[in-house]
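First the structure, in the form of structure tokens, and then the observations on it.
The values are calculated or read from the model by the stated rules, or taken from the named source; none is laboratory data. It should be emphasised that the depicted structure is a prediction, and the values quoted were computed from it without experimental measurement. Reconstructed Cβ throughout: ideal geometry from the backbone, glycine too, with neighbour counts over all protein chains shown. Surface areas here come from the heavy atoms of the whole protein model, side chains and all, with no ligands, DNA or RNA. Shrake-Rupley method; radii C 1.70, N 1.55, O 1.52, S 1.80 Å.
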Amino acid sequence: MSAVRVLVGTKKGAFILNSDGKRQKWDVSGPLFGGWQVYHLKGSPVDPNRIYASQTSDWFGQIIQRSSDGGKTWSSRGRPRANRPPRPKECPREESNKFVYDTSAATGQPLTTHQFYDGSQKPWVFKRVWHLEPSHTDPDTVYAGVEDAALFKTTDGGQSWHELAGLRAIQGEKWGPGAGGMGLHTILLDPTNPQRIYIAISAAGAFRTDDGGQTWKVITKGLKSQYMPDPTAEIGFCVHNMSLNPARPNVLFMQLHWDVMRSDNAGDLWREVSGNLSTDFGFPIQVHAHEPDTVYVVPIKSDSEHYPPEGKLRVYRSRSGGNEWEALTKGLPQSDCYHNILRDAMAVDKLDSCGIYFGTSGGQVYCSPDSGDNWQPIVRDLPPVLSVEVQTLA
């Protein structure tokens, strides 16, 4: 029988939730890396037992962890950077945790500053890894989206990382942080074209490469924002999340700061599909595994009030690729619910009856085993959830 493994990153560690294909009873293990912020965990599509995790701390810094046995054991890969072994509870001193921005002349246009909140220029400073995206073809190749915004890549299973510096050459001096920082939080790999990658940054916008990351193109035409002084600017959009269906990778869906958007030509042009949503502010957006026109969002009241409208937790589903939305509420709290759902905290599985999952700032992880019709909590009272990913296991 098929099974699923749900990988949950929280503000105080990571948790792994396992179930069979019925998705009714769950085994919960964790916390892993207790007390640390785990921004993201994701498994390799090639080898499900290979899982990567971003473990970070404002005090100790960034650690990339790797498991080769489905999360039972973990190691921080790489060559030691010190002649002595780490002391007890000390951050591992290894190259796997070294993210250095490329300022070499070979990149063509090395950049050292970006825009700050007040319009001044600030130097790029590495803070943490927001998102990890393993390759579709090689378990040792992984992309990392970081703060301050840049894209890094490893081809040796996390032992070392190098920046794809061509991205920051695209008007990087105009990039600025969103409310939560200037993070590269979305990485979409085209499963039909290994040279095509989409990324999104708060608050710079969306970008695409068609040559594996050497050169990049801004893909923000059609986006709009009432907060930008120049409505025709290419850079400055606070993109919250993007998603696609592997069977139709040229069709993209986006949750913008305000507005739900759709592109039918790989991001070259966007149009709004918010339709009858109760509010079009939110963070996550996901596409059904088998129905490319079925899309899910979780509306939040506003950018100043990060909780569901009316205190009712509702996932909205469109079966028409946007514009027409229905509220999914069965099994979700419909009163006095004031949790937030972050951009990486929603995922779908690949079982025949597609499962939808999301986690909340209140520590709940919900599952719908029937494409959103009915919901149940897998677990309650975890630390605030930062990310949710799902592995569909044979």
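The C-beta contact set for the range 228-250 (first residue under 15 Å from PRO177 (Cα atoms), second residue polar (S, T, N, Q) and open to solvent by 30 Å² or more (accessible area, probe 1.4 Å), distance under 8 angstrom, 6+ apart or interchain) comprises ILE235/GLN171; GLY236/SER225; PHE237/SER225; CYS238/SER225. Residue count for the range 329-359 under the criterion of being of a type in the set (A, V, I, L, M) and under 13 Å from TRP375 (Cα atoms): the result is 2. Against the conditions (1) more than 21 Å from ARG343 (Cα to Cα); (2) open to solvent by 40 Å² or more (accessible area, probe 1.4 Å); (3) at pLDDT 90 or above, ALA165 satisfies every one except (2).
Residues that are more than 21 Å from ILE187 (Cα to Cα), acidic (Asp, Glu) and free of Cβ contacts under 8 Å to residues at least 40 places away in the same chain: does the range 341-356 have at least one?
The first filter runs over the range 341-356 and keeps only residues more than 21 Å from ILE187 (Cα to Cα), leaving 351-355.
Okay, now just the ones that are also acidic (Asp, Glu), so 352.
Pick out the ones that are also free of Cβ contacts under 8 Å to residues at least 40 places away in the same chain and you get none.
Scanning the range 341-356, I find no residue that is more than 21 Å from ILE187 (Cα to Cα), acidic (Asp, Glu) and free of Cβ contacts under 8 Å to residues at least 40 places away in the same chain, so the answer is no.
The residue that is surrounded by the fewest Cβ atoms within 10 Å (Cβ to Cβ), counting only those in the range 341-367 that are modelled with pLDDT of 95 or more and farther than 22 Å from GLN37 by Cβ, is LYS350. Here ILE187 meets each of (1) surrounded by 23 or more Cβ atoms within 10 Å (Cβ to Cβ); (2) touching a Phe, Trp or Tyr at 6+ places or on another chain (Cβ under 7 Å); (3) under 19 Å from GLU133 (Cβ atoms) with one exception, condition (1). If I filter the range 31-48 for residues that are over 22 Å from ASN340 (Cα atoms), among the basic types (Lys, Arg) and open to solvent by 20 Å² or more (accessible area, probe 1.4 Å), do I get at least one hit? So far as the range 31-48 goes, no, none of its residues is over 22 Å from ASN340 (Cα atoms), among the basic types (Lys, Arg) and open to solvent by 20 Å² or more (accessible area, probe 1.4 Å). Against the condition farther than 29 Å from GLN195 by Cβ and either out of contact with any strand residue (DSSP E or B) (no Cβ under 9 Å at 6 or more places or on another chain) or surrounded by 18 or more Cβ atoms within 10 Å (Cβ to Cβ) (or both), how does ASP303 come out, does it pass? The answer is no for ASP303. Hey, among LYS25, LYS11, which residue is closer than 14 Å to VAL379 by Cβ and either more than 17 Å from the chain's Cα centre (by Cα) or of a type in the set (Lys, Arg) (or both)? The unique qualifying residue is LYS25. The set of residues in the range 307-337 that are touching a His at 6+ places or on another chain (Cβ under 9 Å), open to solvent by 50 Å² or more (accessible area, probe 1.4 Å) and within 22 Å of GLY362 (Cβ to Cβ) contains only TYR307. The set of residues from the range 249-300 being among the polar types (S, T, N, Q) and either in contact with a Lys or Arg (Cβ under 9 Å, 6 or more places away or on another chain) or open to solvent by 10 Å² or more (accessible area, probe 1.4 Å) (or both) comprises ASN250, GLN255, SER263, ASN265, ASN276, SER278, THR279, GLN286, THR294. In the condition set (1) within 28 Å of GLY43 (Cβ to Cβ); (2) over 21 Å from the mean Cα position of the chain (by Cα); (3) open to solvent by 50 Å² or more (accessible area, probe 1.4 Å), ASP370 is compliant with all but (3).
Whether a residue is in a loop (DSSP other than H, G, I, E, B) and in contact with a Cys (Cβ under 8 Å, 6 or more places away or on another chain) was assessed, and SER302 does not pass this test.
Of all residues in the range 264-305, those being within 25 Å of CYS367 (Cβ to Cβ) and touching a residue at least 40 places away in the same chain (Cβ under 8 Å) number 19.
Reported count of residues in the range 233-281, each being of a type in the set (Val, Ile, Thr) and closer than 16 Å to ASP303 by Cα, is 3. Note on the range 108-151: residues that are open to solvent by 30 Å² or more (accessible area, probe 1.4 Å), in contact (Cβ under 8 Å) with a residue 40 or more places away in the chain and touching a Phe, Trp or Tyr at 6+ places or on another chain (Cβ under 9 Å) amount to 5. Residues that are in contact with a Lys or Arg (Cβ under 7 Å, 6 or more places away or on another chain) and open to solvent by less than 40 Å² (accessible area, probe 1.4 Å) within the range 223-235 comprise just one, ILE235.
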